[in-house]
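Before any comments, here is the structure.
The values are calculated or read from the model by the stated rules, or taken from the named source; none is laboratory data. All of these numbers come straight from a predicted model, not from anything done at the bench. When we count neighbours, we look across all protein chains shown, and the Cβ atoms used for this are built from the backbone with ideal geometry, even at glycine.
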């Protein structure tokens, strides 16, 4: 972690941030977060990130002053990466949380937030050479509801899935919903390729409404690349010719194996070269 963070609009040293044990995010996971990538002083997909953030805040019944806007948060992110000398490549975590109080009594719905910046890994700017190995995680099922598409601070199912994957030697795991259909992975949305058609679960299936997912779908639609948002079963994944994951930090990562099924990466490579590489490396065009 870097030296400085932003706490409710002010640049402070990390160890100056104090969270009460009565904090509702600590107690109940009451809040949400965004993970944003910065390259050469550019905040990638900022419009999509802030649109999702403010939609999530409205769903979670937060209130915020008129001064707290996408533009003000954007400026604060750039100020923070400059303070930490991380303009070239960094990963931002913006977490919003409610104040203290019990489950039925709280200190109000005002927005509190912390912005952290982490020095970026250059390998996240390229397509992975070695495909990922995934497994199906059975101990947690996502419930498709009003909150399932939000990047909630209540991350227990994903956290346990990540621990399970590490114990099993997997790079990530696939999380299913309460109907045993595919939702997403622990830190990414999932796509498959069947008969040349790219498919991904609907957000109503319980997956996070991923920013990179939205960007990729919009890019494919613009270029006439066939895709479908639909229900997917574990069998669909195992019968696919390709599987890949998307998130804001890596863009696309292709999957080599799920269970006993091996996959190629021809279409995911094309998608990466056409849509992700120009996003991460606009000066190379």
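Key figures for this structure:
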read-out	value
Filter result for the condition that a residue is more than 25 Å from residue 218 (Cα to Cα) and crowded, with 17+ Cβ neighbours inside 10 Å, over 96, 193, 182	96
Positions within region 52-73 being closer than 25 Å to residue 207 by Cβ, surrounded by fewer than 20 Cβ atoms within 10 Å (Cβ to Cβ) and either in contact with a helix residue (DSSP H, G or I) (Cβ under 8 Å, 6 or more places away or on another chain) or in the same structural domain as residue 154 (by TED's automatic domain parsing) (or both), in sequence order	54, 70
Pair list, Cβ under 7 Å, 6 or more apart: region 84-112 residue on the phi > 0 side of the Ramachandran plot, other residue part of a loop (DSSP other than H, G, I, E, B) and at pLDDT below 85	101/107; 108/99
Residue under evaluation residue 170, criteria (1) assigned by TED's automatic domain parsing to the domain that holds residue 67; (2) assigned to a loop (DSSP other than H, G, I, E, B), criterion not met	(1)
Any hit, region 55-70, residues being touching a residue at least 60 places away in the same chain (Cβ under 8 Å) and within 15 Å of residue 93 (Cα to Cα)	no
Some residue of region 204-225 being surrounded by fewer than 16 Cβ atoms within 10 Å (Cβ to Cβ) and either within 26 Å of residue 154 (Cα to Cα) or touching a helix residue (DSSP H, G or I) at 6+ places or on another chain (Cβ under 6 Å) (or both)	yes
Criterion (in a loop (DSSP other than H, G, I, E, B), outside the structural domain of residue 33 (by TED's automatic domain parsing) and in contact with a strand residue (DSSP E or B) (Cβ under 8 Å, 6 or more places away or on another chain)) met by exactly one of 192, 187	187
